[in-house]
Each structure stands twice: as structure tokens, then as C-alpha cells.
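The values are calculated or read from the model by the stated rules, or taken from the named source; none is laboratory data. As the structure is a prediction and not an experimental result, all values here were calculated from the model. Cβ: placed from backbone, ideal geometry, glycine included. Neighbour counts: every protein chain shown.
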């Protein structure tokens, strides 16, 4: 009797451990709802100047993420944060205005992003910057929801490399179709 009770107890424990392992592994195996890539407005930047950069996010159809300034205080905002190494600094980050939508789980309309989203940033390079490649690391944080439920909040790692070049080196503009649509990234003076 004691031996069979022990076997039942071990089988129960094994079942509970297997269920816990599956529960822990499930979020890691869940497909990404948001994909993010970064782009630059030019192939380089001169010391003392600014450079526009952007994070391009694609949200899987059927899902939305909250606006950077969500409608309700308890909602998790979408944020793009960059840690900039010296001699680079992040001067500003601009987010588009979300779209107001009504969902079954809320009495109020919520400001959300769906489909494709572009978040822009303006980087400033110190006047005494040494030419070279500088890598910025950061994260794109969001919480994805569908019409019925929200997934756990996520933070995707984001990196980009900026080439600081000599003052006389000519620069090539890139991705102007993207940056022409961004508002709020205009620096003082004429920079890329």
C-alpha cells in the first residue's frame, strides 16, 4: 500500500512538473506579434551634426499595441529607448498619434497602433567626435492585444550602427520615403 501510494505521488509530481515546464516554455515559443528593424537617413554623419534614425515596427494583423501615450493610465505604452554611447546622444524621439478604436473589453475607445508603425529619433554627434562606427543598443517595448485578450508585455532588442565620418566626406541620403513622412525630427540648421 505504501509503495503504490508513493508511485501515485511521484506520478502526480511528474505531471505537475511537466505542466509547469510547458507553461514556462509556452511564452518563449509563442510567435512574435511585432517585428522591428531600424533605418538611417544617411550612410554617415559629420561631427557636430544630427542624424535621423527610425524604428519600423510591423504588427501582425488581428493585433494592436498601445499608443505611446495610452488612453488609460494602466495600459502599457509603446516605447523605443536607445542607449547612446559617447559621442552620440539621443536628442528627441517622436511617435505617431495612435488611432482611436473600440474593443469589447473596454467601455472607452483606446488609442492604438495597428499594421505598420514608424518611430523616429534624432541623434546628435559631439563636435569632437572621432570618425568611426558606433553601435547603439536599445529596446522596443510594447504589449500586444487582440479583440479579446492581451499578451504579456515584451521588449525586443534593437541595435543600429552609426558611421561618424570626416567633415569633408560626402554623405549619401537613405530611406527618404520613410523620413519625409516623419514630423518633429527637424533639427535647427541644415543637417541630415
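At-a-glance table
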{"item": "Selected residue (only one of 31, 77 is at pLDDT 95 or above and either surrounded by 11 or more Cβ atoms within 10 Å (Cβ to Cβ) or not in a helix (DSSP H, G or I) (or both))", "result": "77"}
{"item": "Residue in the range 142-164 that is over 17 Å from residue 35 (Cα atoms) and either touching a helix residue (DSSP H, G or I) at 6+ places or on another chain (Cβ under 7 Å) or assigned to a helix (DSSP H, G or I) (or both) present", "result": "no"}
{"item": "Evaluation of residue 73 against (1) within 15 Å of the chain's Cα centre (by Cα); (2) over 30 Å from residue 127 (Cα atoms) (one fails), failing number", "result": "(1)"}
{"item": "Unmet requirement for residue 181, which otherwise passes all of (1) within 20 Å of the chain's Cα centre (by Cα); (2) surrounded by fewer than 19 Cβ atoms within 10 Å (Cβ to Cβ); (3) not in a loop (DSSP other than H, G, I, E, B)", "result": "(3)"}
{"item": "Count of residues meeting criterion [surrounded by fewer than 18 Cβ atoms within 10 Å (Cβ to Cβ) and more than 13 Å from residue 118 (Cβ to Cβ)] in the range 36-52", "result": "3"}
{"item": "Condition met for residue 65 (touching a residue at least 24 places away in the same chain (Cβ under 8 Å), closer than 18 Å to residue 157 by Cα, assigned by TED's automatic domain parsing to the domain that holds residue 146 and in a loop (DSSP other than H, G, I, E, B))", "result": "no"}
{"item": "Answer residue from the range 98-137, given it is out of contact with any strand residue (DSSP E or B) (no Cβ under 8 Å at 6 or more places or on another chain) and either farther than 30 Å from residue 62 by Cα or outside the structural domain of residue 158 (by TED's automatic domain parsing) (or both) and is surrounded by the fewest Cβ atoms within 10 Å (Cβ to Cβ) among those", "result": "128"}
